[in-house]
């Protein structure tokens, strides 16, 4: 009885082997594209070409009875490797006249990444770590770019020491809060200043499509080359004021990290049975549990500093706790109508975003389900 | 200068067209596998074959300079379509002697799905909806299987009416809470009883790898065929006691839905700028925002009923609010050392799961990033 299946499975294996060959060929071609782009200084992320190409493949797939979403997902996944491989060929040097760059805290995780990308772009880069300050005067006196990449709680104190930079040196930081560091940079240095916030962790394989928020300090025409350089790396540069940025971060970082932390504290307090929770989880709950659990694989100091960075964060957290308390009261009063009315008000407030989020999360949950391993069962 | 790129892009397009052809061929082969499996009553999800096949392809990929994770992700994504396509060929009828099945609430979303799957498996299925009760005596008097698939708040009252089922009829429900419905079924019916909780929504494309929790009522040898039938659909059946199930659901459903709801209420209360939050989001925050926003695209009544289903849920929510309050106090006292100590206790409590969750979420966040569209920018 297993004969007909064996034959079919053999044919499927052959198709899959051809798939491996095809992917190898595609990665090779993309590597060559990377070389050409690097030579001509073209950005590695070309959204229009990407959109046009995907539309064409979707159409062809449809004509051949292949679900269009399947080919799009497969190509998008493959392009991730392409972006990472385009990295290796290096990038055009936008500012060949730069004397050299110094990354302060360039031994840290995110600092290292900037060191690597600048070097791949043909710049000479020096690293100034916390034990290197005896070399600081020497290193900084001729720098053309200084990037401050130290932990958030020592950022402003570190910046305050940078009073002897050359007048034409670009001073930048990559801290997750912007108002304080930007003011400190403007106070310490009279030349061009720009605050950066890379919205990603150090473990990305490529800058392609990653967002970097930036806040103008002064001298935009003098630091424009740095913005262009990061665009060539594939990043999407998002200009914002330091104040608007920091306000958004009270939600995006402080409140989010705090609620994940508090949820973890509660799970531990009730001594939840994680193994059983996972057995009984839908993909969506497994994902939410993972989003909480991942926090606790990381550095507590970092999260303490981000959450306690400023009083606005604590105010936001306080008002969240109060608002949650109101919702608890509603439930304890058994007020189902009140719950539904409040729910509907929020739905209205979300507007079209609720449907967009439904669609987005559905696609992602399917992907989570695709890679379900059940490694715990065996 | 665009000439060399045009030529390379043309070659990439050719590779991608071959990719579409290969996927078409694979789907066709898998369709044939489905026919053979259906004929022989083999489960559509074969974890061992899948694991062996993926290991082989990973090895081949490695030898050809293709990242092994790339081929695994591409194949897993493709298998999703395969499972969905294997559905269409129908399933073996495990219990050909069944007179017929009745799905009460078979017009509802999840009810419809069970109607479809039972029919694809060769059973006669009748639907009893809330306006059909005048036909109930007739329909139920000869039923061999009755599945209760009505909204949670009328489940027990509906079950209480099922006192005249044939002695050999299997009675099951698919409510998200298990103790109450199971007791009600045992009280109403003297024959075989099993409580089911499908851990997924009605929008799945296949039962493959989906979890269904089940709680024995009585007469397991008489309802075993139903368990086997669902395994053939590809589902993973997880036996549990009603009490353990319901305890886990206070966390997996009630507290989770409540915290998403409360977060949405708070975002609306502070009138957050969703557009800007998205612009400045890392993939992880966009995902978390999506997990909250998706709730508000759905039915408030359903969530009210799930959250208010029993006093244990409210107790859990109450204790979460208290525990969150303790964490707020810690922060307001500026007690960084206390925060770090508490964080470390929770890390220890999560144990190896923290690293597992870190790895899992990283893979998923990369997938989220792959499909980043920036549809809002244009």
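The values are calculated or read from the model by the stated rules, or taken from the named source; none is laboratory data. Only a predicted model underlies this, so the values are computations on that prediction, with no experimental measurement involved. Cβ: placed from backbone, ideal geometry, glycine included. Neighbour counts: every protein chain shown.
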Identify the single condition in (1) more than 30 Å from residue A:206 (Cβ to Cβ); (2) surrounded by 15 or more Cβ atoms within 10 Å (Cβ to Cβ); (3) modelled with pLDDT under 95; (4) at the interface with chain A (Cβ under 7 Å from one of its Cβ atoms) that residue B:321 does not satisfy, given that it satisfies every other one. (3)
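Considering only residues that are surrounded by fewer than 21 Cβ atoms within 10 Å (Cβ to Cβ), in contact with a helix residue (DSSP H, G or I) (Cβ under 9 Å, 6 or more places away or on another chain) and within 19 Å of residue A:138 (Cβ to Cβ), which ones fall in region A:166-190?
A:166, A:168, A:188
So is residue B:50 more than 7 Å from chain A (Cβ to nearest Cβ) and part of a helix (DSSP H, G or I) or not?
Yes: the conditions hold for residue B:50.
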For region A:249-269, give me the residue count where each residue is facing another protein chain (nearest Cβ under 7 Å) and surrounded by fewer than 21 Cβ atoms within 10 Å (Cβ to Cβ). 2
Which residue out of B:358, B:291, B:308 is within 20 Å of the chain's Cα centre (by Cα), within 7 Å of chain A (Cβ to nearest Cβ) and surrounded by 15 or more Cβ atoms within 10 Å (Cβ to Cβ)? B:291
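Would you check if residue A:203 is modelled with pLDDT under 95 and not in a helix (DSSP H, G or I)?
Values: modelled with pLDDT under 95: yes; not in a helix (DSSP H, G or I): yes.
Spelling it out, residue A:203 is indeed modelled with pLDDT under 95 and not in a helix (DSSP H, G or I).
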So is residue A:77 out of contact with any strand residue (DSSP E or B) (no Cβ under 9 Å at 6 or more places or on another chain), free of Cβ contacts under 8 Å to residues at least 12 places away in the same chain, more than 30 Å from residue B:31 (Cβ to Cβ) and not in a loop (DSSP other than H, G, I, E, B) or not? no
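Residue check: is residue A:320 in contact (Cβ under 8 Å) with a residue 40 or more places away in the chain, farther than 19 Å from residue B:258 by Cα and in a helix (DSSP H, G or I)?
Against the criterion (in contact (Cβ under 8 Å) with a residue 40 or more places away in the chain, farther than 19 Å from residue B:258 by Cα and in a helix (DSSP H, G or I)), residue A:320 does not qualify.
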Taking residue A:21, is it farther than 30 Å from residue A:225 by Cα and surrounded by fewer than 18 Cβ atoms within 10 Å (Cβ to Cβ)? yes
Subset of region A:99-122 (residues that are in a loop (DSSP other than H, G, I, E, B) and surrounded by fewer than 21 Cβ atoms within 10 Å (Cβ to Cβ)): A:99, A:100, A:107, A:108, A:122
Does region A:38-56 include one or more residues that are surrounded by fewer than 15 Cβ atoms within 10 Å (Cβ to Cβ) and over 28 Å from the mean Cα position of the chain (by Cα)? yes
Residue identified as in contact (Cβ under 8 Å) with a residue 60 or more places away in the chain, more than 9 Å from chain A (Cβ to nearest Cβ) and closer than 26 Å to residue A:8 by Cβ among B:41, B:34: B:41
When you scan region B:330-340, how many residues do you find that are assigned to a helix (DSSP H, G or I), surrounded by 13 or more Cβ atoms within 10 Å (Cβ to Cβ) and more than 7 Å from chain A (Cβ to nearest Cβ)? 2
Of the residues A:73, A:88, which single one is crowded, with 17+ Cβ neighbours inside 10 Å and closer than 30 Å to residue B:77 by Cα? A:73
When every residue in region A:211-239 that is facing another protein chain (nearest Cβ under 8 Å) and in contact with a helix residue (DSSP H, G or I) (Cβ under 8 Å, 6 or more places away or on another chain) is compared, the one nearest to residue A:309 (Cα to Cα) is A:213
Tell me, which residue of region A:123-147 that is within 17 Å of residue A:175 (Cβ to Cβ) and buried (at least 17 other Cβ atoms within 10 Å of the Cβ) is modelled with the lowest pLDDT? A:128
